[in-house]
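J.: I have a structure here, written as structure tokens, and I will follow up with some questions on it.
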Amino acid sequence: MHHDHAVWERAKQSFRREMWRAVVPDAVTGEGIEAQRFGPVLATAFGSEPREPELSLIQGAAEPGAIADGHVADAVEWMRSREVEYRVPVAEGRPGSAAAEEWLEGHEYERGEAEVAFVRDAVSPDGPEDREVEVFELGEHEIDGEGFSILAREGLGLPIMAEALYFGLPGRDGWRCYTAAPAPDVQVIATGAMLVEDGVAVLGLDATVDAERGRGCARALLRRRLRDAAAAGCRTVVAEVSAGEEHAEARSDLLEAGFAEAYAARNWMRPAMRPAVSA
């Protein structure tokens, strides 16, 4: 497969940006859920959860001009004004990767864990569906959105207000949202989502109730999205998983499903509560 990191990085930004766009206006105002673009850089903040760096992010730091033209510095200042902790992933193999890491290190950020991008062609997987798992694709009904958002938030280990990011996704243009239950149970225990844009399907929001892991729902959700991505005419499917040991099973599932490890993005963070250094 031809590796086009630029396309995949844009697709990952779109996944994040479209989540923020789906938030209802009351939550934007009440929870400080904001997004701002600075050239090739996207900053997304979740003001009501300032100590949750998983919810605030600066993407695109390694893109051309992000450092030289001051876009990362502007995004950092914007984040600083919101008083939230945040991550800055720096993707390998991009034109500005070295400059971004040098700038971040010079401004007292510290390297954290990496996120690994996995990619495969959008072709329908071989073999029959798992008859022991039932997968449901959600529509735009409120009850679907509520159940999906609760399960995704709990499975991802995020605070309750994070549900505002997921509630409006089912039925939204470009989004495909799913839940899964071990047949013949009716209680769903896992979620997965997919954003289809410009021939690329980005997978995310994969979560399973801790006590119910190992029942095949994650693999069934993955296969269903691969099949639907192919049917939608996508060329490529992208997924991103943390390099941490606790996510080894998810990485193994992707490799088993025909994905290849493409590149990593190293997360950088400023130590908590340390005053920001002027850009």
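J.: Could you give the nm distance between label points at residue 212 and residue 69, where each point is 7 Å from its Cα heading toward the beta carbon?
T.: Between residue 212 and residue 69, the simple spin-label model gives 4.6 nm.
J.: Moving on. Return the carbon/sulfur percentage of the accessible area of the chain, one whole number, probe 1.4 Å, all protein chains in place.
T.: Numbers: 6230 of 13130 Å².
Reported share for carbon and sulfur atoms: 47 percent.
J.: Now, a different point. Can you show me the helix-derived [θ] at 222 nm for the chain, built from DSSP H runs with n ≥ 4 at -39,500 (n - 2.57) apiece and divided by the number of residues, rounded to the nearest 500.
T.: Working: 7 runs with 84 residues, N = 279.
Helix-only estimate at 222 nm: -9500 deg cm²/dmol.
J.: Then there is this: Under a point spin-label approximation (7 Å from Cα along Cα-to-Cβ), what is the residue 146-residue 83 distance to one decimal in nm?
T.: Those two pseudo-labels are separated by 3.3 nm.
J.: What are the ³J(HN,Hα) values, in whole Hz, obtained from phi via the Karplus relation 6.51 cos²θ - 1.76 cosθ + 1.60 with θ = phi - 60°, for each residue of segment 227-234 in sequence order, with x given for Gly and Pro?
T.: 5, 6, 5, 5, 5, 7, x, 5
J.: Here is a further query. What's the ranking of 166-172, 97-103, 120-126, 41-47 by average number of surrounding C-beta atoms within 10 Å, highest first?
T.: Numbers: 166-172: 21.1, 97-103: 18.0, 120-126: 14.9, 41-47: 24.0.
Highest-to-lowest ranking by the protection proxy: 41-47, 166-172, 97-103, 120-126.
J.: Still on this structure, please answer the following. Using a probe radius of 1.4 Å on heavy atoms only, what accessible surface per residue do you get for the chain? Whole Å² is fine.
T.: On the way: 13130 Å² over 279 residues.
It amounts to 47 Å² per residue over the chain.
J.: Related question: Can you give the Rg to Rh ratio for the chain, taking only C-alpha atoms and Rh from Kirkwood? Numbers along the way, then the final one.
T.: Values: Rg = 18.5 Å, Rh = 19.2 Å.
Result: Rg/Rh = 0.96.
J.: Could you rank the peptides 56-62, 246-252 by their average count of other C-beta atoms within 10 Å per residue, with the highest value first?
T.: 56-62, 246-252
J.: Nearest 0.05, what FRET efficiency do residue 227 and residue 108 give at R0 = 45 Å with Cβ-Cβ as r?
T.: Once rounded, the FRET efficiency stands at 0.45.
J.: Moving to a separate point now. Test of understanding: extend the Cα→C-beta vector of residue 6 to 7 Å, then name every residue of segment 86-128 with backbone N under 12 Å from that spot.
T.: From segment 86-128, the list is 94-96.
J.: Leaving ligands and nucleic acids out of the surface, order 149, 48 by accessible area at 1.4 Å, largest first.
T.: Descending order: 48, 149.
J.: To two decimal places, what compactness ratio does segment 16-145 give when its Cα radius of gyration is scaled by 2.2 N^0.38 Å?
T.: 1.32
J.: Taking the Cα centroid of segment 174-253 and of segment 70-120, what is the distance between the two, rounded to the nearest whole Å?
T.: 27
The values are calculated or read from the model by the stated rules, or taken from the named source; none is laboratory data. Quantities reported herein were computed from a predicted structural model and do not represent experimental measurements. Cβ atoms come from the backbone with ideal geometry, glycine included; neighbour counts cover every protein chain shown. Accessible surface areas use protein heavy atoms only, side chains included; no ligands, DNA or RNA. Shrake-Rupley method; radii C 1.70, N 1.55, O 1.52, S 1.80 Å.
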